[in-house]
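Notes follow once the structure below has been shown.
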Amino acid sequence: MSRIRQKNQDLIIEVASEQFATHGYAATKIVDIAKAAEIPKANVFYYFSSKDKLYYAVLQTVTQPLLEASRPIEELSDPVEALSQYIETKLRISQEHPHASKVFANEVMSGAKALPDDIGAELFKQSQMMIDKFATWSQQGLMDEVPPQHLMFTIWAATQTYADFGWQICNVMQKDELDAQDYRQAAEFLTQLVIKGCGVKSNA
């Protein structure tokens, strides 16, 4: 893919992410995206032939990183290192893809009616892998006997809230936006909360 084509696609996806996050899928029109991106509507259709395909591309910008984020849990045998890397990565996704994260959250809250089947299937497969790994660590004595599903839900909620409820968090912290230090501090705190709260032990 040429650099110009990639740059144009990235611009359209970025603007579309903000439009979908602000107005929702149904209320967002291609003409509004084109206007916000300051490009002709025809250019949007040139790169994305329909609103559905553009919406899919927006979802991919956050769901693909989310799917890849669990790789440490799947591949590493040390739960302390795996959970540390997972939480740090999840927060980085909230930092780097705030609008797409909101689009994904809105999609889930509305019943995932427009979520492509392949993305839904991959996310379900990922969740089952994580649940099984948490249960295995508990059986091995590397973690307290905690409900694995609820541990997963807690990590999701704690990390994704920095994107999905960004306005509220910035308002409480009296900032226009969070900086890198805020995300590092959040990662350190949440990691310690999970590790100490669930009795996670290192096998290294």
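Every number in this text was worked out from the coordinates using simple rules, so none of it is lab data. All values reported here derive from a predicted model rather than from experimental measurement. Please note: Cβ atoms are built from the backbone with ideal geometry, for glycine as well, and neighbour counts cover all protein chains shown.
Things to note:
- Taking Cα centre as origin and charging only the Cβ of basic (Lys, Arg, +1) and acidic (Asp, Glu, -1) residues, the dipole magnitude of the range 38-84 rounds to 500 debye.
- Backbone HN-Hα couplings from phi across the range 169-180 [Karplus 6.51/-1.76/1.60, Hz, Gly and Pro as x]: 5, 5, 5, 5, 7, 6, 9, 6, 7, 7, 10, 4
- For the range 132-147, 3J(HN,Hα) per residue [Karplus equation, 6.51 cos²θ - 1.76 cosθ + 1.60, θ = phi - 60°, Hz, x = Gly/Pro]: 5, 5, 4, 5, 5, 4, 5, 5, 7, x, 8, 7, 4, 7, 9, x
- Placing unit charges on the Cβ atoms of the charged side chains and taking the dipole of the chain about its Cα centre, the candidate lying farthest along the positive direction among Thr22, Ser138, Thr61 is Thr22.
- When peptides 165-172, 182-189 are ranked by their average number of other Cβ atoms within 10 Å per residue, the highest-first order is 182-189, 165-172.
- For Gln95, net neighbour charge (Lys/Arg +1, Asp/Glu -1) across residues whose Cβ lies under 15 Å away: -4
- Under the convention that each Lys and Arg Cβ holds +1 and each Asp and Glu Cβ holds -1, the size of the dipole of the chain around its Cα centre is about 560 debye.
- Relative to the Cα centre, the charge distribution of the range 86-129, modelled as +1 at Lys and Arg Cβ and -1 at Asp and Glu Cβ, gives a dipole magnitude of about 140 debye.
- Unsatisfied cross-links (Cα-Cα over 30 Å) in the set Lys125/Lys175; Lys35/Lys102; Lys102/Lys175; Lys29/Lys125; Lys41/Lys113: Lys125/Lys175; Lys29/Lys125
- Neighbourhood charge, 13 Å Cβ-Cβ cut-off, centred on Gln64 and excluding it, Lys, Arg +1 and Asp, Glu -1: -3
- Descending semi-axes in Å of the range 12-66, equivalent ellipsoid built from Cα gyration tensor: 17, 12, 10
- The range 62-79 - phi-based ³J(HN,Hα) in whole Hz, Karplus 6.51/-1.76/1.60, Gly and Pro as x: 10, 6, 5, x, 5, 5, 6, 4, 7, 4, x, 5, 6, 9, 8, 8, 8, x
- Relative contact order (%) - criterion: Cα under 8 Å, at least six apart; region: the chain: 24
- Of the two radii for the chain, the radius of gyration is 1.02 times the Kirkwood radius, both from the alpha carbons; that is the Rg over Rh value.
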